[in-house]
Amino acid sequence: MEQALKPIGTRLVVNRRGSTVWDVRTTAGRYAVKVGRPVPETDEHPGQDWTGVAPAREAAILQSLQAFSVYGTWEYGTWNVQPWHAGTDLYELWKPHRSGEIGIAFDLTPALACATKIASLHDSGWVHGDIQPAHCIVGADNTAAIIDLALAQGGLLPNTLEFPYPGCLVHYESPEISRSILETGTAVPTTASDVYAFGASLFISATGWRHVEYPDDAPRAVQRKAVATVPHRPVTIPGMFGKLVEAMLSPVPGDRPTSHEVCSILACAIDAAG
């Protein structure tokens, strides 16, 4: 892989629990290189094998979406190479709002750009399954990319790349996803659970608070029980934007707006503020 890319610069981005990601610069362009491996069981965390398969699965999904990606295997798992998406994630982008450095009126253009990408993914027949602020990347010209598709569900993939959906980062799980993971060990993500996750992402990016309160060091099962049973924090974001986030965080999947409705309401809020 290194010989094929011929890197002129590399930067380690992530190295945790079965996943390592590099930002790799070459004369031909800039790429994300992801390497996966199984995670052994510890006293704090159960073991998991799917992390070794995840890079290859993500690459196959990107290929099905007509996006460039290649993948292969190594001694302990799989790897992929895909274009690097330069930009800033939503949480970092809205940091000045949370710190009080600027006024309360949010620039919702980045949120609309991300929502449009999510709606387009849903139109293609896929559900992301792992939406979080770090996966919503906004470029300098307000173009967006929704990254990390390894847990996406919807299309046909080789059996060797499939594994039961393990849930996502609990901070952004919907109540029905957390409930199903607790009861069965897996779940079926939907467009509605994606909308909830995006609502939770908007909420934490705007306020700095998780959508449901639980101790920072709580075990994952305790976190999921809170998400499944405890009402979400009050949405204090003002105006049309706050009402949208409130609707996206509905505990009833059918009461949430669709991803296209999220786009429409954000566009209206931008027009109203304009």
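The values are calculated or read from the model by the stated rules, or taken from the named source; none is laboratory data. All figures in this text were calculated on a predicted structure; none of them were measured in a lab. When we count neighbours, we look across all protein chains shown, and the Cβ atoms used for this are built from the backbone with ideal geometry, even at glycine.
May I ask you to say which residue of Y196, Y165 is aromatic (F, W, Y), part of a helix (DSSP H, G or I) and at pLDDT 95 or above?
Working: Y165 fails: part of a helix (DSSP H, G or I).
Y196 is the lone residue from the list that is aromatic (F, W, Y), part of a helix (DSSP H, G or I) and at pLDDT 95 or above.
Name every residue in the stretch 206-233 that is outside any loop (DSSP other than H, G, I, E, B) and within 21 Å of H97 (Cα to Cα), in order of residue number.
Narrowing the stretch 206-233 to residues outside any loop (DSSP other than H, G, I, E, B): 206-207, 220-229.
Those that are outside any loop (DSSP other than H, G, I, E, B) and within 21 Å of H97 (Cα to Cα): A206, T207.
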Filter the stretch 251-270 down to the residues that are without any contact (Cβ under 8 Å) to a residue 12 or more places away in the chain and either farther than 18 Å from A119 by Cβ or hydroxyl-bearing (S, T, Y) (or both), then identify the one that is surrounded by the most Cβ atoms within 10 Å (Cβ to Cβ). S264
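May I ask you to verify whether V53 is surrounded by 14 or more Cβ atoms within 10 Å (Cβ to Cβ), farther than 20 Å from C136 by Cα, at pLDDT 90 or above and not polar (S, T, N, Q)? Working first, answer last.
Values: surrounded by 14 or more Cβ atoms within 10 Å (Cβ to Cβ): yes; farther than 20 Å from C136 by Cα: yes; at pLDDT 90 or above: yes; not polar (S, T, N, Q): yes.
Yes, satisfied.
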Scanning the stretch 27-48 for residues that are in contact with a Gly (Cβ under 6 Å, 6 or more places away or on another chain) and either over 13 Å from Y71 (Cβ atoms) or among the aromatic types (F, W, Y) (or both), which turns out surrounded by the most Cβ atoms within 10 Å (Cβ to Cβ)? R37
